[in-house]
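First up is the structure itself, then whatever we jot down about it.
Here, each number is a calculation from the coordinates, and none is a lab measurement. Note that the structure is predicted; figures quoted are calculated from it, not measured. A quick note on method: Cβ atoms are made from the backbone with ideal geometry, for glycine too, and the neighbour counts reach across all protein chains shown.
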Amino acid sequence: MFHSLEEILAECGRTHLPFWKTVQLDDCREEALDEAASFARMTEIWDAMKASDRDYDPALHSASGLVGTDADKIRVRRENGGLLCGEFTSHVMERALKVAESNACMKRIVAAPTAGSCGVMPAVLLSMQEKLSLPDERMVEALYVAAGIGGVIAERASLSGAEGGCQAEIGSASGMAAGAAVYLLGGSGEAMAHACAMALSGLLGLVCDPVAGLVEIPCVKRNVIGAMNAVTSADMAMAGIRSKIPPDEVIDALRTVGHAMSADLRETGHGGLAMTPAGQAIRRKIGTGD
């Protein structure tokens, strides 16, 4: 496993292989798979992401009744020309809600990197495939880019809201999606790393405060923020903008900030929005509190 983005880029320079291939070969070594088997397994993940978007039920609510149907509201307003966002970003927003709502409704999703942040990557990557008419093979390659980035974040910091706050879930998903988006746009490995760094920087300090302890409020809508943050970070990187703080140091800062957070702001449901009067009223109403 790679311990830094710098290490991945150095390996790319040494072998003259692209970022995605470097990550794939490392995965093959760790999992004792050949390249074809590894690619087939990643293709299954991509197919599941596509299905999570395609199989969204616009009439379904979660068991708590707290979330559901919002993605379809975005679709209706988009089709009526009422959104400020353009066509591409409105699709990103709709898909982020679709997949995150499906997770809350116990439908099949890909935890990339977590269930609570599952809408970020599909929203960005599916919308890019649609916009740029990209083949599935290239999308699978982009998943390797995201996996390599996510692996480094997991190694140096955390992907867990309980350990690092929502910056470790939505933030990591956003960084992974930003790097993958740069790959799909033809950017360099360096640009991928810096897109990740800028995405993480934008969400540094984001707390994990699930109302009533459920991965619903505000989790679902934070997937939209993570997806849009990934898109803008990718665009900045492709424009030649770079993070003034090296990407691996940004990841280290995520770890430091997570450790500095009060436990009340790390998935316990004892701080942030969860402790507002409205949040407490919801907890009492659905009977999941202490």
In nm, what is the difference between 0.36 nm times the number of residues separating Arg108 and Glu130 and their Cα-Cα distance?
5.8 nm
Between Glu155 and Asp47, what is the label-point separation in nm under the 7 Å Cα-to-beta-carbon projection?
3.0
Across the chain: Cys residues that no other cysteine approaches within a C-beta distance under 4.7 Å
Cys12, Cys28, Cys85, Cys105, Cys118, Cys196, Cys219
Zone of Glu137 (label point 7 Å along Cα→Cβ, backbone N under 20 Å): which residues in region 18-40?
18-26, 28, 34-40
Please give the calculated 222 nm ellipticity per residue for the chain, where each DSSP H segment of at least 4 residues contributes -39500 (n - 2.57) and the sum is spread over every residue; nearest 500 deg cm²/dmol?
-20500 deg cm²/dmol
Put a dot 7 Å past each Cα toward the Cβ at Asp264 and Ala10; how far apart are the dots in nm?
4.3
With charges only on Cβ, +1 for K and R and -1 for D and E, what is the dipole size of the chain about its Cα centre, in debye, rounded to 20?
960
Ratio to report: Rg/Rh of region 60-189, with Cα atoms as the point set and Rh obtained by the Kirkwood method; give two decimals.
0.99
The Cα extents of the chain along the principal axes, largest first and rounded to whole Å, are 59, 44, 38
In nm, spacing of pseudo-spin labels at Ala36 and Ala162 (7 Å Cα→C-beta vector):
4.1
Extend 7 Å from the Cα of Lys73 along its Cα-to-C-beta direction; within region 212-243, residues with backbone N under 20 Å of that point are 212, 214-228
List the extent of the Cα atoms of region 4-43 along each of their three principal axes, largest first, rounded to whole Å.
26, 16, 14
Looking at the chain, how many pairs of lysines come closer than 20 Å at the Cα, when each pair is eight or more places apart or spans two chains?
11
